[in-house]
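One structure is given below, encoded as structure tokens.
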Amino acid sequence: MKSFSIALSLVLLLLGPAQADRLYVGPVFQTGNAAQPIARAVRVDDKGRIVSVHEEVPPAAGAEVVRLPGASALPGLHDAHLHLEGLGMKLTALDLTGVRSRAELRTRAEAWVRAHPESTVYRGFGWDQNLFPDQAFPTFADVNGITDRPLFLIRTDGHAAVLNESAFALTDIPLRETGGDPAGVGRDPEGNATGLLLDEAFIRAESRMPQPTLEERKEMIRAALAAAADAGLTALHEMAMFGPAMDALLALQAEEGPLPVRVYVYMAGTHLPWLFGDFFAHPFGDARRGRVEIMGIKLMIDGAMGSRGAMLYEPYADDPGNSGHPAFSLTLQRWIYTFARKVGWQVAVHAIGDKANHEAIRWIEGDAAANPYPTRIEHAQFLAAEDFARLAGTGAVVSMQPVHVADDLGWAGARLGPERAARAYAWRSHAAAGALLACGSDAPVSDIRPTLGFHTALTRQTPEGTPPGGWYAEQRLTWPEVLRCYTQGAAAAVRRDGELGSLVPGKLFDVTLFDRDCRDDASCWLAARPLGTVLEGELRLPR
């Protein structure tokens, strides 16, 4: 018996003292649990899981009391759709957000080139021709002569770019039309290239530009992750990641420890070989590595509304000869969709126009795979009236970005006309049909701050308050719906609602802290400041 006692003592000594629970107090906790919506304290075990939720602060009962900063704590916020490398590029390369003319675009590019004489290729992001006086796309004339090195300037939606002739020469696209163009090459009436590339042509050209090194990609992704955490996000759904960027993300985690946010990754359909290689390297389902989890693949049916690439049944109201176009071969993508579902990957499908969404619904309705992950429709910006119920009936996740309304309402009505615009960005119609909504930002296309998305979802207005009463205000969401969309709905989109998305016993203690308690006060959210995040009980403060 004595030897047993000595052995037990040694084991206990090696294991160290038992870790006490923590009792988190301070802010008002909005739990996301309808049965107990507000709490004043949350008890968490040493594994970061919630033990109990209290409407009043209880006695500590042996727990370590941790006072969190701020006035309110929300369940950890997700961004259900963004692009890490693109956001990192915007933060570290030439930022063209808000340029108001082609002349200003040129001036900003010239200043960047002068300030970075060592660069071998100049990348920029964020221009939007809808802000220009004539709303015309930029061309060679606007960017040639700035530098003799490649200049590759990407539109704000990530679906188009304008190139100088040095960059254009690196593509396999002829300056004069020969009949073999990929979809999306801008040409004048005489068949001369204009320097503008959309969708398939844009992606093909981007792959032929000099590529960032691993260290440069790590710098971009590090900046994007930090910006996301500073904005109050605890989880990101990365859409259409390329293989080299994924390598950089995994290297960053291996070298620097736990990431500041959880990252759920959907590889780009054009980088299917990377996903195959990873699948065979990890054949036993090792999709989760630290705070990174590989979910599956992202496909893209059509382009964007802003560049008139979204597929519509009827032509654009402001471009009667154009109904949009497929981003890539629909036959090939339908095959990839079917294959991915059969091998167990989750599939996210980009569909913006009514014709594109109808095509996506057909794919889902014809899907017989026994796959536990629901298909996701990314954006679902504009649907035929009868397709709201059909889409909801498939069980698909409807992944939308409320802030797009504030960004797009200045021109979206002109694209569609008033009757069709009433069915655009129609969050209320999707919710009424019974769809599961997951909310994000589409950063860097839009601002990553979730508070701007809260304001838009509650008001259908820009931050400046236009239009009065809101743009098709009947599509607004209530605050409980908004909160769910950024928390439980987004967690459910990646099948993690059993451990994330609300503050209930058994789930991980992830919260986002704010300096004020706004709830359904939309103007309050415009002023609200994130004070930090907690992941599994560990507090991170903004930089």
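The values are calculated or read from the model by the stated rules, or taken from the named source; none is laboratory data. Because the structure is predicted, anything quoted here is derived from the model rather than measured. Virtual Cβ from ideal backbone geometry, glycine too; neighbours counted across all protein chains shown. Ligands, DNA and RNA are excluded from the accessible area calculation, which covers all protein heavy atoms including side chains. Shrake-Rupley method; radii C 1.70, N 1.55, O 1.52, S 1.80 Å.
Here residue 404 meets each of (1) assigned to a helix (DSSP H, G or I); (2) farther than 29 Å from residue 95 by Cα with one exception, condition (2).
Inclusion of residue 225 among residues that are under 23 Å from the mean Cα position of the chain (by Cα), over 30 Å from residue 251 (Cα atoms) and open to solvent by less than 40 Å² (accessible area, probe 1.4 Å) is not warranted. Is it the case that residue 482 is out of contact with any strand residue (DSSP E or B) (no Cβ under 6 Å at 6 or more places or on another chain), aliphatic (A, V, I, L, M) and under 29 Å from residue 40 (Cα atoms)? So residue 482 passes the test.
Hey, any hits in segment 191-204 for a residue that's closer than 30 Å to residue 533 by Cα and either out of contact with any Phe, Trp or Tyr (no Cβ under 9 Å at 6 or more places or on another chain) or not charged (D, E, K, R) (or both)? No, segment 191-204 contains no residue that is closer than 30 Å to residue 533 by Cα and either out of contact with any Phe, Trp or Tyr (no Cβ under 9 Å at 6 or more places or on another chain) or not charged (D, E, K, R) (or both). Of all residues in segment 276-294, one or more are crowded, with 24+ Cβ neighbours inside 10 Å, at pLDDT below 95 and either assigned to a strand (DSSP E or B) or not aliphatic (A, V, I, L, M) (or both). In segment 248-264 there is at least one residue that is touching a helix residue (DSSP H, G or I) at 6+ places or on another chain (Cβ under 7 Å) and of a type in the set (Gly, Ala, Ser).
Here is the figure for segment 382-404: residues that are within 15 Å of the chain's Cα centre (by Cα) and under 27 Å from residue 345 (Cβ atoms) total 6. Are any residues in segment 362-385 free of Cβ contacts under 8 Å to residues at least 60 places away in the same chain, more than 18 Å from residue 425 (Cβ to Cβ) and either touching a helix residue (DSSP H, G or I) at 6+ places or on another chain (Cβ under 6 Å) or not in a helix (DSSP H, G or I) (or both), and if so, which ones? Those that are free of Cβ contacts under 8 Å to residues at least 60 places away in the same chain, more than 18 Å from residue 425 (Cβ to Cβ) and either touching a helix residue (DSSP H, G or I) at 6+ places or on another chain (Cβ under 6 Å) or not in a helix (DSSP H, G or I) (or both): 363, 366, 367, 368, 369, 370, 371, 375. Against the test of being in contact (Cβ under 8 Å) with a residue 60 or more places away in the chain and either touching a Lys or Arg at 6+ places or on another chain (Cβ under 7 Å) or open to solvent by less than 10 Å² (accessible area, probe 1.4 Å) (or both), the options 316, 337 yield a single qualifying residue, 316. Residues in segment 60-93 that are small (Gly, Ala, Ser), buried (at least 24 other Cβ atoms within 10 Å of the Cβ) and assigned to a strand (DSSP E or B): 73, 80. Note on segment 479-507: among residues that are more than 21 Å from residue 266 (Cβ to Cβ) and within 22 Å of the chain's Cα centre (by Cα), the one that is surrounded by the fewest Cβ atoms within 10 Å (Cβ to Cβ) is 480. Checking each residue in segment 228-273 for being open to solvent by 10 Å² or more (accessible area, probe 1.4 Å) and within 26 Å of residue 200 (Cβ to Cβ) picks out 240, 242, 244, 247, 269, 270, 271, 272, 273. Taken over segment 136-150, the criterion of being open to solvent by less than 30 Å² (accessible area, probe 1.4 Å) and either not in a loop (DSSP other than H, G, I, E, B) or not hydrophobic (A, V, I, L, M, F, W, C) (or both) is satisfied by 138, 140, 142, 143, 147, 150. For segment 101-125, the set of residues classified as over 21 Å from residue 411 (Cα atoms), touching a residue at least 24 places away in the same chain (Cβ under 8 Å) and among the polar types (S, T, N, Q) consists of 119, 120, listed by residue number. State which residue is nearest to residue 270 (Cα to Cα) when the search covers only segment 188-208 and only residues that are acidic (Asp, Glu) and not in a helix (DSSP H, G or I). Checking each candidate, the answer is 188.
The combined condition, being of a type outside the set (S, T, N, Q), more than 18 Å from the chain's Cα centre (by Cα), open to solvent by 10 Å² or more (accessible area, probe 1.4 Å) and at pLDDT 95 or above, is fulfilled by residue 214. With the condition kept exactly as written, say whether any residue in segment 209-225 is of a type in the set (Val, Ile, Thr) and farther than 22 Å from residue 154 by Cα. No: zero hits. Scanning segment 46-59 for residues that are within 31 Å of the chain's Cα centre (by Cα) and open to solvent by 30 Å² or more (accessible area, probe 1.4 Å) gives 47, 49. Among the residues of segment 126-173, those identified as over 27 Å from residue 415 (Cα atoms), of a type outside the set (D, E, K, R) and in contact with a Ser or Thr (Cβ under 8 Å, 6 or more places away or on another chain) are 147, 150, 151, 164, 166. With respect to residue 57, determine if the residue is of a type in the set (A, V, I, L, M), assigned to a loop (DSSP other than H, G, I, E, B), closer than 30 Å to residue 497 by Cβ and modelled with pLDDT of 95 or more. For residue 57, the condition - of a type in the set (A, V, I, L, M), assigned to a loop (DSSP other than H, G, I, E, B), closer than 30 Å to residue 497 by Cβ and modelled with pLDDT of 95 or more - is met.
Considering the conditions (1) at pLDDT 95 or above; (2) open to solvent by less than 60 Å² (accessible area, probe 1.4 Å), residue 306 is excluded by exactly one of them, (1). Can we say residue 18 is at pLDDT below 95, closer than 30 Å to residue 496 by Cβ and either exposed (fewer than 14 other Cβ atoms within 10 Å of the Cβ) or among the small types (Gly, Ala, Ser) (or both)? Considered against the rule, which asks whether it is at pLDDT below 95, closer than 30 Å to residue 496 by Cβ and either exposed (fewer than 14 other Cβ atoms within 10 Å of the Cβ) or among the small types (Gly, Ala, Ser) (or both), residue 18 comes out as yes. Being polar (S, T, N, Q), at pLDDT 95 or above and surrounded by 15 or more Cβ atoms within 10 Å (Cβ to Cβ), is that true of even one residue in segment 111-126? Checked segment 111-126: no residue is polar (S, T, N, Q), at pLDDT 95 or above and surrounded by 15 or more Cβ atoms within 10 Å (Cβ to Cβ). If you go through segment 405-416 and keep only what is open to solvent by less than 10 Å² (accessible area, probe 1.4 Å) and either over 27 Å from residue 491 (Cβ atoms) or under 12 Å from the mean Cα position of the chain (by Cα) (or both), you end up with 412, 415, 416.
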